[in-house]
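Data block below; observations after.
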Amino acid sequence: MNIAFNVNRLAMIGLGVTLKSLLDNCSDPSKINIYILCSDLNIEDKSNIQKLLLKYGLNEIKLIDFDVNEHFGTFSSLQGDLTTYGRLLLQDYVKGDTVLYLDADLVVELDVLSLEGFDFQGKGIAAVDGGKMSAALDHPFLCNEIGLGMDLTVFNAGIILFNLKYWREKDIKKQCLAFGKKYTTKLRSHDQTILNAFFAGNFAFLPLEFNMPWFAQNKRPEAKKVILHFVGSPKPWDVLGKYVHRGYAVWKSYLNADWEKAYYHYNQGEFLRAWHIRRSYARLLLLKMKSKN
């Protein structure tokens, strides 16, 4: 089974926990091929990934450098970064007909091999039902300018099973990149906006447990054996995340000691991120104040 990530250095702390939880809870890691699209990772980062994965006896590990500016230089950035768009390139880098793409802000408690032999029913992707278009942040653009219906079902792009055979036959990557270049200032949810433009209302459904959102202020989702997705900001590993994210203990339980030593500390990049998400911290503070009244 092929599993892919795309990360930059800022995502390394989350990647370690995602990988460890994924493989600790996999019934047969020898069936797993890991592909990681690397944006500006250095030799030490790649060595740390290899060391973390070594004990699992994986079938294959591929660390693939890619230049985000070459592919996505004109696209709307996510807090000044373009790495998130890397998943649009998977048809070129992953061998085989399918790949499970995972964000690096997850705890994977279930066995991903349960998706082996998944029936796409002729669709290009599979994802968890994310509700109606009318509730999506980018619905004004997707409905008013692209012409999609308000009642279409959308999805979160953090966990996607890609039908690569479909993507290659129709060259969906080329279409996505052309769309991104045409609407560069309209991509409010970045690659998720692009993917929903192509597949909203036209994707196969993954079981709900494959993407259970966990916001900082909320209790843990009640379901067991799920993929916990730390959506929004701050994340458990962000500045003050230990104190403000209710999922911190669960996340920390999968943090490898060597990985913690290498990445769980704050530098200029982490503090810059904290500045970018300052409104999220303020919102959490207000919620805490209201809950005490």
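The values are calculated or read from the model by the stated rules, or taken from the named source; none is laboratory data. Just so you know, these numbers come straight off a predicted model, no measurement behind them. No Cβ is skipped: glycine too gets one built from the backbone with ideal geometry, and neighbour counts run over all protein chains shown. Note: accessible area is taken over every heavy atom of the protein model, side chains too, but ligands, DNA and RNA are not part of it. Shrake-Rupley method; radii C 1.70, N 1.55, O 1.52, S 1.80 Å.
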Quick check on my filter: what residues within segment 180-211 are outside any loop (DSSP other than H, G, I, E, B) and surrounded by fewer than 21 Cβ atoms within 10 Å (Cβ to Cβ)?
Lys181, Lys182, Thr184, Thr185, Lys186, Phe198, Ala204, Phe205, Leu208, Glu209
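Across segment 1-34, what is the total count of residues that are open to solvent by less than 50 Å² (accessible area, probe 1.4 Å), part of a helix (DSSP H, G or I) and small (Gly, Ala, Ser)? Reasoning before the result, please.
Residues of segment 1-34 open to solvent by less than 50 Å² (accessible area, probe 1.4 Å): 1-8, 11-23, 25-26, 29, 32-34.
From what is left, the residues that are part of a helix (DSSP H, G or I) are 11-23, 29.
With the extra rule that they be small (Gly, Ala, Ser), the set shrinks to 11, 14, 16, 21.
Final tally of qualifying residues: 4.
Yes or no, residue by residue, for (1) under 18 Å from Lys181 (Cα atoms); (2) in contact (Cβ under 8 Å) with a residue 40 or more places away in the chain; (3) β-branched (Val, Ile, Thr); (4) open to solvent by less than 20 Å² (accessible area, probe 1.4 Å):
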{"site": "Gly73", "(1), (2), (3), (4)": "yes, no, no, no"}
{"site": "Gly124", "(1), (2), (3), (4)": "no, yes, no, yes"}
{"site": "Leu148", "(1), (2), (3), (4)": "no, yes, no, no"}
{"site": "Phe162", "(1), (2), (3), (4)": "no, yes, no, yes"}
Can you pull out the strands (runs of 3 or more DSSP E) entirely within segment 76-175 that have at least 3 residues that are within 14 Å of the chain's Cα centre (by Cα)?
98-102, 106-108, 159-163
Six or more apart or on different chains, Cβ under 9 Å: which pairs go from a residue in segment 188-202 that's farther than 18 Å from Gly80 by Cα to one that's of a type in the set (D, E, K, R) and open to solvent by less than 50 Å² (accessible area, probe 1.4 Å)? Could you list them?
Leu195/Arg87; Asn196/Asp138; Ala197/Asp138
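For a quick check of your reading: which helices (runs of 4 or more DSSP H) sit entirely within segment 239-293 and have at least 1 residues that are closer than 30 Å to Leu53 by Cα, charged (D, E, K, R) and out of contact with any Cys (no Cβ under 6 Å at 6 or more places or on another chain)? I'd like the intermediate steps shown before the answer.
Values: elements: 241-244, 248-252, 257-263, 268-276, 278-292.
In segment 239-293, the matching helices (runs of 4 or more DSSP H) lie at 241-244, 248-252, 257-263, 268-276.
Going through Gln91, Gln79 one at a time, which residue ends up being of a type outside the set (Phe, Trp, Tyr) and within 19 Å of Gly14 (Cβ to Cβ)?
So the residue among Gln91, Gln79 that is of a type outside the set (Phe, Trp, Tyr) and within 19 Å of Gly14 (Cβ to Cβ) is Gln79.
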What are the residues in segment 236-246 that are out of contact with any Pro (no Cβ under 9 Å at 6 or more places or on another chain) and crowded, with 21+ Cβ neighbours inside 10 Å, if any?
Pro236, Trp237, Asp238
If we ask which residues in segment 229-246 are under 21 Å from the mean Cα position of the chain (by Cα) and in contact (Cβ under 8 Å) with a residue 40 or more places away in the chain, their number turns out to be 8
Name every residue in segment 35-64 that is over 22 Å from Tyr264 (Cβ atoms) and either of a type in the set (A, V, I, L, M, F, W, C) or open to solvent by less than 30 Å² (accessible area, probe 1.4 Å) (or both), in order of residue number.
Tyr35, Leu37, Leu58, Ile61, Ile64
Are there any pairs, at least 6 apart or on different chains, whose C-beta atoms fall under 6 Å, with the first in segment 258-286 and of a type outside the set (D, E, K, R) and the second in a helix (DSSP H, G or I) and surrounded by 12 or more Cβ atoms within 10 Å (Cβ to Cβ), and if so, which?
Trp259/Gly16; Ala262/Asn48; Tyr263/Met12; Tyr263/Ile13; Tyr264/Ile13; Gly269/Leu10; Leu284/Val244
Among the residues of segment 215-230, what is the count of those that are in contact with a helix residue (DSSP H, G or I) (Cβ under 9 Å, 6 or more places away or on another chain) and farther than 21 Å from Asn25 by Cβ?
2
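Which is under 20 Å from Cys176 (Cβ atoms) and either over 16 Å from the mean Cα position of the chain (by Cα) or not in a helix (DSSP H, G or I) (or both), of Leu58, Leu37? Let's see the steps before the verdict.
Details: Leu58 fails: under 20 Å from Cys176 (Cβ atoms).
Just one listed residue meets the conditions, Leu37.
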